Amino acid sequence: MRPRELLARWLSRQIPAEAQAWLDKSAAQVRSSGKDADLYLAVSLVTRKVGKADLMLTEADLRDASTSRNGWDPRQWSADQAARVMLILELESDPSRLARGLEQLCNTADVGEQAAFYRGLPLYPEQPRYVARATEGLRTNMKAVFEAIAHRNPYPSEQFPELAWNQMVLKALFVGALLWPIVGLDSRANPELARMLCDYAHERWSAGRPVSPELWRCVGLYASGTMLQDLERVLKKGTEPERAAAALALHASREPAAAALLEREPAMTKSLARGDLSWEQIVAPH
Amino acid sequence: MRFIDPHIHMSARTTDDYERMAAAGVVAVIEPAFWLGQPRTNSGSYLDYLSSLVGWERFRAAQFGIHHYCAIGLNAKEANNAALAEEVIALLPRYLLKEGVVALGEIGYDDQTPAEDKCYRAQLDMAKELDMVVMVHTPHRDKKTGTVTSMKVAEEHGLAPGRVIIDHNNEETVEDVLNRGFWAAFTLYPHTKMGNERMVEIARRYGSERIFVDSSSDWGVSDPLAVPKTAKLMLERGIKTEDVDKICYGNALAAYGQSGQMKESDWLDPAPIDQRTLFEGNSVLRGQQARVDELQQMPDRLKDVVFK
């Protein structure tokens, strides 16, 4: 089943008959009319007609989602977001028109709409078209909008050039967004990002401010030279979550020096060997 | 006590204002679209402004535990630039039905020119068609005539008086407005000295039926605490608490609540804090009565200064 059909099916299970009738009629109108106004009026009206409840999904639904679109994770979507993205996808047979409509919608979006449009990024046709829109969205100062792009969204890891990817990860730390919900965090790690993150850690240390333990996740694989010294410092002097993070990072490194550092911490090495440590664990639950 | 400031241009205010308003018990504000103190020269500038009213400003307010609603419309001053006005009116439908848009406004007359009249009427038709509440700005010059004309034209275009708020009233206009069945809003201007005192007299004389107050604070000299301060003065002068409550809270809610976009439960029973609701400070006023006579001490922000 296509994502649009899945969204329609999930919504039909939970919204009242009246809302369903409105949504069916609006979707048909968007599909057939060719008028911009039908799209933006319907998208605006969604919160009034469909409401803002959580989208109720089962494990089977989540499996359907990732089968339909690899990496798509709608577990934190709401009904209004689902309906808005569904209405936009009514134009999917005409990718240029969809792109034009979406650009207009983004330019006049309210806060809730922005989050919805960006959550829909992995579902729009001709994916590479939306890189500039996504990076523009990340310039927001609104954390919820930032997280709509950065979290549980396969789009950035699939489409972003390295500079945009690195800026997104660094900004996540700046705005206090968690790193682990970022899709592709390990596969998109790179030496330049590792360097930027270590520089950032030094800035924070100089200011006497805490450093998120998650930061080291993107350092481990490419840690060498002074970066290993940074990890050593965290391993020796950090809080427990920080020490666990340093151990996980060193464990990921291919450098012999990293293994040597870990050997000095037998308890940590044991936990690693038992698989007791994980990146999700070291930060407080969401 | 809780307060609503149903006419305030928060985009022109600082976060210090938001902090003080929250501390004084303001739970919700309505920001009507208006001009920038100087005329815009193109509709793109208006589009970005309207987007900020439904986007960034809403988020900014939420950080301080204040619920931000807005009114969308083309103001009377800029209605006089015919080319701009035509484009802006064409843009309005993109915004009018968005979440949290409680009225079409502020619209009406400034110099009472034919261009203003044309735009006012076009927007009244739009409000009628979309079943919206209307916020009417009454002119500062030739006020009485302008106010009466505003109401006559609204009636002519089929708007129910109970769904139209006539703003910026004074002692000379209030009777006409109430007699015709419209809502009468009063703007409390600072440095007129009599601002708050006059409002006490109006409350004494006309009671609390369909009357409410706002600050209309903007980038000019104005006081974002005008509503709570007036409430305090009214209570000190012996106006009954239930009347003060209606004038400074309940009536604005009843008038703009007709839109279905503003409910008391928005702040009394807020959704749990999560990343989707965007509302980070919504528990601030829970179980805690802010007091108008005891503005809370502001936190010492110097302690929190950091280099970013």
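We did not get these values from a lab; they are worked out from the coordinates using the rules stated. As the structure is a computational prediction, the values presented were derived from the model and not from experiment. Quick reminder, even Gly has a Cβ in these numbers, built from the backbone with ideal geometry, and neighbours come from all protein chains shown.
Of the residues A:Ala17, A:Ala207, A:Ala150, which exhibits the maximal mean-square fluctuation in a Gaussian network model of chain A defined by a 10 Å Cα contact cut-off?
Comparing A:Ala17, A:Ala207, A:Ala150 in the GNM, the peak value goes to A:Ala207.
How far is helix A:95-107 tilted off the main Cα axis of chain A, in degrees rounded to 10, range 0 to 90?
With both axes taken from Cα atoms, the answer is about 80 degrees.
Starting from the Cα of A:Lys171, draw a straight line to each of the lysines and keep only those under 25 Å, dropping any in the same chain fewer than 8 residues away.
A:Lys143, B:Lys303, B:Lys308
I need the GluC sites (Glu not before Pro) found in region B:149-179, filtered to DSSP loop residues with at most 10 other beta carbons within 10 Å of theirs.
On the way: sites: B:Glu155, B:Glu156, B:Glu171, B:Glu172, B:Glu175; in loops: B:Glu171, B:Glu172.
When the GluC sites (Glu not before Pro) of region B:149-179 are filtered for loop state and at most 10 Cβ neighbours within 10 Å, B:Glu172 remain.
Would you grab the residues whose amide H sits under 5 Å from the one on B:Ser217? Only those 5+ places off in sequence or on another chain, please, with H modelled 1.01 Å from N.
So B:Ser217 has HN proximity to B:His9.
Among rounded, prolate and oblate, which fits region B:114-205 when a ≥ b ≥ c are the square roots of the eigenvalues of its C-alpha gyration tensor, a/c under 1.5 means rounded, and a/b larger than b/c means prolate?
Verdict is prolate for region B:114-205.
Holding the Cα-Cα limit at 26 Å, pick out from A:Lys52/B:Lys263; A:Lys25/B:Lys128; A:Lys49/B:Lys77 the pairs that are longer than that.
A:Lys49/B:Lys77
Counting helices only, and only those DSSP H runs with n ≥ 4, report the 222 nm mean residue ellipticity of chain B as the sum of -39,500 (n - 2.57) divided by its residues, in deg cm²/dmol to the nearest 500. All intermediate terms of the calculation are to be shown ahead of the outcome.
Numbers: 13 runs with 119 residues, N = 308.
-11000 deg cm²/dmol, from helical runs alone.
If Lys and Arg each add +1 and Asp and Glu each add -1, what is the summed charge of the other residues whose beta carbon sits under 14 Å from the beta carbon of B:Lys128? Before the final figure, lay out each step's value.
On the way: positive: B:Arg121, B:Arg163; negative: B:Asp125, B:Glu129, B:Asp131, B:Glu155, B:Glu156.
Overall, the nearby charge balance is -3.
Looking only at A:Gly34, A:Gly208, A:Gly137, which one moves most when chain A is put into a Gaussian network model with springs between Cα atoms under 10 Å?
Among A:Gly34, A:Gly208, A:Gly137, the largest GNM mean-square fluctuation belongs to A:Gly208.
Mind checking B:51-60 for the average number of partner chain beta-carbons within 10 Å of each residue's beta-carbon?
The per-residue average across the peptide is 5.
What's the center-to-center distance, using Cα atoms, between region A:215-254 and region B:1-57 in Å?
For region A:215-254 versus region B:1-57, the Cα centre distance is 46 Å.
Quote the charge dipole size of chain A about the Cα centre in Debye, to the nearest 20; the model charges only the Cβ of Lys and Arg (+1) and of Asp and Glu (-1).
Value, rounded to 20: 200 debye.
Based on the mean of other Cβ atoms within 10 Å per residue, sort peptides B:197-206, B:23-32 so the most packed one is first.
On the way: B:197-206: 16.3, B:23-32: 25.4.
Put in order of decreasing packing, that is B:23-32, B:197-206.
Which whole number gives the average count of other chain Cβ atoms within 10 Å of the Cβ atoms across peptide A:11-20?
On the way: counts 0, 0, 0, 0, 0, 0, 0, 0, 0, 0.
Per-residue shielding by partner chains comes out at 0.
Taking chain A as the reference, fit the longest principal axis to its C-alpha atoms, fit the long axis of helix A:36-49 to the helix C-alpha atoms, and give the angle between the two in degrees, 0 to 90, nearest 10.
It works out to around 70 degrees.
Of A:Val46, A:Met268, A:Thr67, whose Cα points farthest to the positive end of the dipole of chain A (charges on the beta-carbon: +1 Lys, Arg; -1 Asp, Glu; origin at the Cα centre)?
Ranked along the dipole, the leading option is A:Val46.
Okay, helix-only estimate at 222 nm for chain A: each DSSP H run of n ≥ 4 adds -39500 (n - 2.57), divide by all residues, round to 500 deg cm²/dmol; what do you get?
For chain A, the value works out to -19000 deg cm²/dmol.
What number comes out for the charge environment of B:Glu201, summing +1 per Lys or Arg and -1 per Asp or Glu over other residues with Cβ under 12 Å away? Display every interim value, and only then the final one.
Numbers: positive: B:Arg198, B:Arg204, B:Arg205, B:Arg237; negative: B:Glu171, B:Glu197.
Surrounding charge for B:Glu201 is +2.
Using a Gaussian network for chain B with springs between C-alpha atoms less than 10 Å apart, which of these wobbles most: B:Ser215, B:Ser51, B:Ser259?
Of B:Ser215, B:Ser51, B:Ser259, the Gaussian network model singles out B:Ser51 as fluctuating most.
Under the definition of partner shielding as Cβ atoms of other protein chains within 10 Å of a residue Cβ, what is the mean value for peptide A:43-50?
Numbers: counts 3, 9, 3, 2, 5, 5, 0, 0.
Mean shielding count: 3.
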